[in-house]
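These notes concern the structure reproduced below.
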There are 2 protein chains.
Amino acid sequence: MSGELRVGLAGLGTVGAGVAKVLLTQMRALSWRAGRGIAITAVSARDKSRPRGVELGGIAFEKDAAAIAERADVDVVVELIGGEEGMARSLVEQALRAKKHVVTANKALLARHGAALAALAERHGVTLKFEAAICGGIPIVKSLREGLIAYDISAVRGILNGTCNFILTQMESTGRPFAEVLGEAQRLGYAEADPTLDIGGGDTAHKLTLLTSLAFGTIPDLDGVAMTGIDKVTPADIGFAGEFGYRLKLLGVARRTAGGIEQLVHPAMVRARTPLADVESSFNAVAADAGEAGPFFFQGRGAGRGPTTSAVIADLVDVARGAFGPVFGRPATELAPATREPAEARMSAYYLRFQALDVPGVMAEISRHLANERVSIESMIQRGRSPGEPVAIVMITHEAQHVAVVRALKAIATSDKIVETPCMIPMEAA
Amino acid sequence: MSGELRVGLAGLGTVGAGVAKVLLTQMRALSWRAGRGIAITAVSARDKSRPRGVELGGIAFEKDAAAIAERADVDVVVELIGGEEGMARSLVEQALRAKKHVVTANKALLARHGAALAALAERHGVTLKFEAAICGGIPIVKSLREGLIAYDISAVRGILNGTCNFILTQMESTGRPFAEVLGEAQRLGYAEADPTLDIGGGDTAHKLTLLTSLAFGTIPDLDGVAMTGIDKVTPADIGFAGEFGYRLKLLGVARRTAGGIEQLVHPAMVRARTPLADVESSFNAVAADAGEAGPFFFQGRGAGRGPTTSAVIADLVDVARGAFGPVFGRPATELAPATREPAEARMSAYYLRFQALDVPGVMAEISRHLANERVSIESMIQRGRSPGEPVAIVMITHEAQHVAVVRALKAIATSDKIVETPCMIPMEAA
């Protein structure tokens, strides 16, 4: 471990350039922490000549990222290409096989292939680090892998996608509908031109999958995530949430239950004035129930150049000082299968909203279907009553079986007094 | 680094017993993380026979803690004795000289002797870890030392003492005076029989000193902390804080300024609905401004068996897997002197409260003295006016020189219309 750690940087977008800049300008302070220097020896990007605000003269340039993995003068490959297959996956696999450490920000790749890649790294005596893959600069990977390790974690909850939290807080403060706020977020650059991965919950699911593995020592199980996006959320539901003393947030939730591990991504009602409920704008946050060590809460910037660079640099310094440790907190061979909580076992209290004709018998009909499924009501608001307009019937249930509530709502939706698909949002006990 | 890491545990109080229990029951999971086993080979306590709920049979018992440091079968000494001098200090020094790693929860020792002990550790090729010394289980030491390292930190603020936060939130919710709430906290075991170290700010100062070093790479400088406790805080001030949209919190604040490092411990007005303001009851929290990586916020349990044990275990696993790194994030020889911000340079907005006779000319007198010192008023509340009773004149100033406000208040206090020492509380821009 003498001599400099030699870095091959694959991907020179906004984060890659940020990493290069910090490595070049903070050399002394980083070498104090690492116990040795950290030098970039090779970079790779699609376009060599694009201006990046950082001086890369004297550093080898590879047109083909894969070549980075094979260079004798590279000890660690930083993968900033992205995507769960293709170039990113083959580069990481090739690097690990060539006994290079890997630092990556690639949540999709690890959520899908994390266990296999961890095994590959361990087989070749190198490490694979991914602090930048979850919540940018919040040191949550390190905290779960190395900090909160004395007691079993029972649950992890997070606001893991800044775009969704931005949209929901904007909808809340302006009362404007989803599509309009999304459009504005796109114009401002807060949302992608194709926002599917964010608003559909896929990005949150990637990150949740990794948090689950870190918290429970299980094999990353992306397909085990039950996922609902924010595109159906209405200003009305956000308003009613406020009246009941809640805020609407897109959460990733992983819980250890009697039947296995439950992984959920969904818009949820979070009790107002709790740390998660108070997360504003595009901030990210993670809350963990760490047994006797108590509840923990972390908040910070989840994405963008600075936060992501911060995470990559932390990983590189760990690699430089030889702080390896198993990728997901235990050897890949010891990762437990992610036994999924059966869908029938899923329980929660729910917020329900029905748009109904203001005619006699509608409440009786709704109540009867709920009672048939043993769903009982804790509190209720009825609103509306402009002549001729449908009324909103809004309620919060006691804890009930998820599938039972779904069945009740399906039955209720068939009524000719119900004018819209009923809305169902879980209450998150945070 | 083959074979088990052999632990000598000095101090078997509530935390010591907690550490022993986790080491004995979580062996397998911890060895996965550490890459090798961790075994307790020797313990030391004042009373051998006291029941501790943990089976220590077969482990050597030393009546004298110092003997732990000299045992050939100990690789790391866990110091849980406490105190900045005496037994704790000599044990740690002896252990480091004997080339044993040290893990400690001792904030007072490190705040006072941190630089010397770090140098001693480095000279002997061993490490000194202290996650448990600040905010129990929040992995804040690790996060500052290894996580938030890419960009310069400009400020760290924390609610570092659970007893004080408990008392202040109780005063707020009940409207009862300090002495009464303290008494109750003592009866409930939330406050010590001698509460001076907590309520006077000393405990917060110890922790702040260490946070400052980690954040700015400076020599721990306990004497550089300007300290005010919470014993003068009144329900009236907490009430007025609420009216202005603030909450009163005991904060430790460290800032890098043009003139040096400013370290303050004081009750401060924190803007309501910000993460620090929302910290309830006995929770601890730390907020850091980490440059381009953005603002960070961590909250968790700061004290007690579970959280402190969690921190000690994390340090032990780090030691076991050889993750050393410099004690305060840079080699002891490279720690910068803690240049103190000159008192004259200290600036803040202030909350001021005057108890005045309700007679003509009192506002004129107050205003004149403030104007003389170039302190200008941003907003004001006047309250009181029960016949014959003094009125409360409450204001928030614009940013002003600390020493100028002190001078103005001294002048105002000499007035025969002012019936109480004026109250002055900084507004914390969080």
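The fraction of all Cα pairs in chain B landing in successive 10 Å bins from 0 to the largest distance is 5, 21, 28, 23, 13, 7, 3, 1, 0, given as whole percents. For the cross-link pairs A:Lys100/B:Lys99; B:Lys207/B:Lys410; A:Lys142/B:Lys63; A:Lys21/A:Lys249; B:Lys48/B:Lys100; A:Lys129/A:Lys232, the ones whose C-alpha atoms lie over 26 Å apart are A:Lys100/B:Lys99; B:Lys207/B:Lys410; A:Lys142/B:Lys63; A:Lys21/A:Lys249; A:Lys129/A:Lys232. Please label the shape of the range B:217-296 as rounded, prolate or oblate, based on the square roots a ≥ b ≥ c of the eigenvalues of the alpha-carbon gyration tensor (a/c under 1.5 means rounded; beyond that, a/b larger than b/c means prolate, else oblate). Because a/c hits 1.5 or more and a/b fails to exceed b/c, the range B:217-296 counts as oblate.
Where both bridge residues fall in the protein assembly as shown, DSSP classifies roughly 65% of the beta bridges as antiparallel. Each copy carries a label point for B:Ser379 at 7 Å from Cα toward Cβ; from one copy, the others' points are 2.9 nm away, ordered from shortest.
Considering all C-alpha pairs of the range B:124-224, those separated by over 21 Å amount to 45%. For B:Ile59 and B:Ala272, the difference between the fully extended length at 0.36 nm per residue and the C-alpha to C-alpha distance is 71.5 nm. The long axis of helix A:107-123 is offset from the longest Cα principal axis of chain A by roughly 40 degrees.
Summary for B:Thr196: label point 7 Å along Cα→Cβ; distances to the equivalent points in the other copies, ascending, 6.9 nm. A cut-off of 5 Å between modelled amide H atoms, ignoring neighbours fewer than 5 places along the same chain, links A:Arg340 with A:Ile261. The alpha carbon centroids of the range A:356-430 and the range B:325-357 are separated by 57 Å.
The order of the peptides A:230-237, B:11-18, A:243-250 by mean Cβ neighbours within 10 Å, most packed first, is B:11-18, A:243-250, A:230-237. Taking only the Cα atoms of the range B:344-428, the ratio Rg/Rh comes out at 0.96, with Rh defined as the Kirkwood radius. With the biggest extent put first, the Cα atoms of the range A:37-88 measure 31, 26, 17 Å across the principal axes. Of the residues B:Thr308, A:Thr204, the one with the fewest other Cβ atoms within 10 Å heads the list, and the complete ranking is B:Thr308, A:Thr204.
Taking other Cβ atoms within 10 Å as a rough exposure proxy, B:Ser379, A:Ser44 sort from fewest to most as B:Ser379, A:Ser44. Estimated from helices alone, the mean residue ellipticity of the protein assembly as shown at 222 nm is -10500 deg cm²/dmol (sum of -39500 (n - 2.57) over DSSP H runs with n ≥ 4, per residue). Modelled this way, with points 7 Å down the Cα-to-C-beta line, the labels at A:Glu70 and B:Ala429 are 5.6 nm from one another. Spin-label model, A:Gln382 to B:Arg46: label points 7 Å out along the Cα-to-beta-carbon direction sit 6.8 nm apart. In order along the range A:85-93, phi translates into HN-Hα couplings of 10, x, 3, 4, 5, 5, 4, 5, 4 Hz, rounded to whole numbers, per the Karplus curve 6.51 cos²θ - 1.76 cosθ + 1.60 with θ = phi - 60° and x for Gly and Pro. Taking all Cα pairs closer than 8 Å and separated by 6 or more residues, the relative contact order of chain B comes to 16 percent. Only Cα pairs under 8 Å and 6+ residues apart enter the sum, and on that basis the relative contact order of the range B:239-381 stands at 18 percent.
Separation of the range B:286-305 and the range B:57-86, taken as the distance between their Cα centroids, equals 32 angstrom. Annotation: Cα Rg of the protein assembly as shown relative to the compact-globule expectation 2.2 N^0.38 Å equals 1.00. Peptide A:305-313 has a mean of 5 when you count, residue by residue, the C-beta atoms of other protein chains within 10 Å of its C-beta. Among beta bridges identified by DSSP and lying wholly in chain B, the antiparallel ones come to about 65 percent. Shielding of peptide B:273-279 by partners, expressed as the average count of other chain Cβ atoms within 10 Å per residue Cβ, is 3. One residue of chain B places its C-beta nearer than any other to the axis carrying B onto A; that residue and its whole-Å distance are B:Ala323, 2. Sorted from nearest, the other copies put their A:Arg123 label points 4.9 nm away, the label point being 7 Å from Cα in the direction of Cβ. In this label model, B:Ala193 and B:Thr234 are separated by 3.3 nm, measuring between points 7 Å along each Cα→Cβ vector. Among the residues of A:318-330, the average count of other protein chain beta-carbon atoms within 10 Å of the residue beta-carbon is 4.
With a Förster radius of 51 Å applied to the C-beta separation of B:Arg36 and A:Met227, the computed FRET efficiency comes to 0.80.
No value in this document is a laboratory result; all are computed from the given coordinates. Nothing here was measured: the structure is a model prediction, and the numbers come from that model. Glycine also receives a Cβ, built like all others from the backbone with ideal geometry; neighbour counts cover every protein chain displayed.
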